[in-house]
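K.L.:
Would you mind keeping the following structure in view while I ask a few things?
The values are calculated or read from the model by the stated rules, or taken from the named source; none is laboratory data. All of these numbers come straight from a predicted model, not from anything done at the bench. Every residue, glycine as well, gets a Cβ built from its backbone with ideal geometry; the counts of neighbours run over all protein chains shown. Just so you know, the surface numbers come from the protein's heavy atoms only, side chains and all, with ligands and any DNA or RNA stripped out. Shrake-Rupley method; radii C 1.70, N 1.55, O 1.52, S 1.80 Å.
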Amino acid sequence: MNDTDSAAWAREQENTGVRVVIAEDSVLLREGLTRLLTDRGHEVVAGVGDAEALLKVVGELAAGGSLPDVVVADVRMPPTHTDEGVRAAVSLRRDHPGLGVLVLSQYVEEQYATELLAASSRGVGYLLKDRVAEVREFIDAVVRVAGGGTALDPEVVAQLLGRSRKQDVLAHLTPREREVLGLMAEGRTNSAIARQLVVSDGAIEKHVSNIFLKLGLSPSDGDHRRVLAVLTYLRS
């Protein structure tokens, strides 16, 4: 990305500033995430180090009428460093449906990713921590989830869509449709998918329509069909 593109992207991010709560027990990483977000015009309203503190601070903010747009949380947090973060994320989505939740994980933990996605059809994300180093992708994911979209790490998508016991669900999709579905699950727009696959926007629109049709998703499902297309697979 050249200097002109970088400047344009920075201005775009500044114009879509979101309010964020960060839950990460590593102080170094928590401060790093805070810096990345604030440098690009977003507001980190709180930073905490464990799931209990996360639930408490979001509850207090909600009670004061200032629910954040999105929570960025580590999957594993104290005291046991197992699933406290994702459990808190699922709980927050249940109590505050309008809150976006983006969880970070060191490795692809399929059970946690599926559980989080099954809890909601919008405003959720699951990224590997290595993805944070790709600053543009990370910031885009935060903004997308805050706005009600999805953001799934490509490696997470590859594992979820590659389960052998799930093949019957996707058997009636063409290889290209499966590829498009995977990119949809990452949260990419039709135009972004077209650029990735080097085809026209019209071709992608046709593939997406075919996916909706084959998965039994009608136009009445609205814009959520993009997420429901992935969830139909996950929940089958």
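K.L.:
Of the residues Leu54, Leu33, which is open to solvent by less than 30 Å² (accessible area, probe 1.4 Å) and under 20 Å from Gly98 (Cβ atoms)?
P.N.:
Being open to solvent by less than 30 Å² (accessible area, probe 1.4 Å) and under 20 Å from Gly98 (Cβ atoms) holds for just one of Leu54, Leu33, which is Leu54.
K.L.:
Another question, if that's okay. Quick check on my filter: what residues within the range 60-117 are closer than 17 Å to Val142 by Cα, part of a loop (DSSP other than H, G, I, E, B) and in contact with a helix residue (DSSP H, G or I) (Cβ under 9 Å, 6 or more places away or on another chain)?
P.N.:
Leu67, Pro68, Asp69, Val75, Leu99
K.L.:
Suppose we keep only residues that are open to solvent by 60 Å² or more (accessible area, probe 1.4 Å) and charged (D, E, K, R) within the range 57-93. Which one would you say is modelled with the highest pLDDT?
P.N.:
Checking each candidate, the answer is Glu60.
K.L.:
Now for a different question. What are the residues in the range 118-148 that are farther than 17 Å from Ala185 by Cα and assigned to a loop (DSSP other than H, G, I, E, B), if any?
P.N.:
Residue satisfying the conditions is Glu134 alone.
K.L.:
What are the residue pairs meeting all of these: first residue in the range 95-117, first residue surrounded by fewer than 17 Cβ atoms within 10 Å (Cβ to Cβ), second residue not in a loop (DSSP other than H, G, I, E, B) and not aromatic (Phe, Trp, Tyr), Cβ atoms under 6 Å, and 6 or more apart or on different chains?
P.N.:
Taking only residues 6 or more apart or on different chains, the pairs are Gln106/Lys129; Val108/Glu155; Val108/Val156; Val108/Gln159; Glu110/Gln159.
K.L.:
While we're on this one: Would you confirm whether or not the range 169-189 contains a residue that is surrounded by 13 or more Cβ atoms within 10 Å (Cβ to Cβ), of a type in the set (S, T, N, Q) and outside any loop (DSSP other than H, G, I, E, B)?
P.N.:
No, there is no match, as no residue in the range 169-189 is surrounded by 13 or more Cβ atoms within 10 Å (Cβ to Cβ), of a type in the set (S, T, N, Q) and outside any loop (DSSP other than H, G, I, E, B).
K.L.:
Let me ask something else about it. Any idea how many residues of the range 199-209 are over 24 Å from the mean Cα position of the chain (by Cα) and part of a helix (DSSP H, G or I)?
P.N.:
3
K.L.:
Just to verify a result, which residue in the range 165-222, among those that are closer than 23 Å to Val142 by Cβ and among the polar types (S, T, N, Q), is modelled with the lowest pLDDT?
P.N.:
Ranking the qualifying residues of the range 165-222, first place goes to Thr189.
K.L.:
For the range 30-49, enumerate the residues that are outside any loop (DSSP other than H, G, I, E, B), over 19 Å from the mean Cα position of the chain (by Cα) and within 20 Å of Met77 (Cα to Cα).
P.N.:
Correct list: Glu31, Gly32, Val45, Ala46, Gly47, Val48.
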